[in-house]
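The values are calculated or read from the model by the stated rules, or taken from the named source; none is laboratory data. Not measured: the values here are computed from a predicted model. Note that each Cβ is placed from the backbone with ideal geometry, even for glycine, and that neighbours are counted across all protein chains shown. Quick note on the areas: whole protein, heavy atoms, side chains included, nothing else; ligands and nucleic acids left out. Shrake-Rupley method; radii C 1.70, N 1.55, O 1.52, S 1.80 Å.
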Amino acid sequence: MASFATTPGRSLTGHLLVATPALTDPAFARSVVYLCAHTPEDGAMGLVVNRRLSQPVLDDVLEQLGIAPVPPRRRINLCAGGPMDNGRGFVLHTSDWSGDGSLPVDRTTTLTASLDVLRDIADGNGPAHALLAMGHASWEAGQLEEEMLRHDAWIAAPATENIVFGADHNAKWRQALASVRIDPAWYSASPGHA
């Protein structure tokens, strides 16, 4: 089942990748990934936005980084961003804030890897919406397209502020599927059978 954005050669940067029920790999089952960068020629990088990290908590991360105040004046979601480089943090946020190390993803969303954004957030300022992802997901050139088109593992969906930055991590997977009018019950338990 192809989605609106699986046209060969089309970039999915700024879209969501939603795991289909056919994707049973524990690292990605029922995941919603915000794609920060994608070209069929270079591959893709994204952040899982619906896996809450229970440990460490935001206060612990800020304290380890020497960012005050702890507790912070403002809190953001802390997510397991993916299996790659999971000791490194990435702040995904609305584009109303920018600093050194900020990379615009699209006109509404920015990715920042510097501590400046966390300092502003801890101080009660910073972007309107943000999340801190530990680690990321990545695909080599052509790998994501193969997983989408031949293995039916992912569906592309439009990114919304509520799905990307919302606090209800358990609801994001179904919300993302519903945004492209897909009911998970349509998928059979075994691939290749309707």
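Things to note:
- The share of Cα pairs per 5 Å bin across segment 15-182, counted from zero up to the longest distance, runs 2, 9, 18, 22, 21, 14, 8, 4, 1, 0 percent.
- Per atom type, the chain shows carbon and sulfur on 51% of its accessible surface, probed at 1.4 Å.
- Exposed GluC sites (Glu not before Pro) absent - longest run of the chain, DSSP non-H/G/I/E/B, at most 12 other C-beta within 10 Å: 42-139
- For segment 15-182, the solvent-accessible area of protein heavy atoms averages 46 Å² per residue (probe radius 1.4 Å; ligands and nucleic acids excluded).
- Residue ranking by accessible heavy-atom surface, 1.4 Å probe, largest first, among 45, 84 comes out as 84, 45.
- When nucleic acids and ligands are ignored and a 1.4 Å probe is applied, residue 10 ends up with an accessible area of around 100 Å².
- Once the Cα atoms are used to define both axes, helix 169-179 deviates from the longest principal axis of the chain by about 40 degrees.
- Under the criterion of Cα pairs below 8 Å and six or more residues apart, the relative contact order for the chain equals 29 percent.
- Helix-only mean residue ellipticity at 222 nm for the chain, each DSSP H run of n ≥ 4 adding -39500 (n - 2.57), per residue, nearest 500: -5000 deg cm²/dmol
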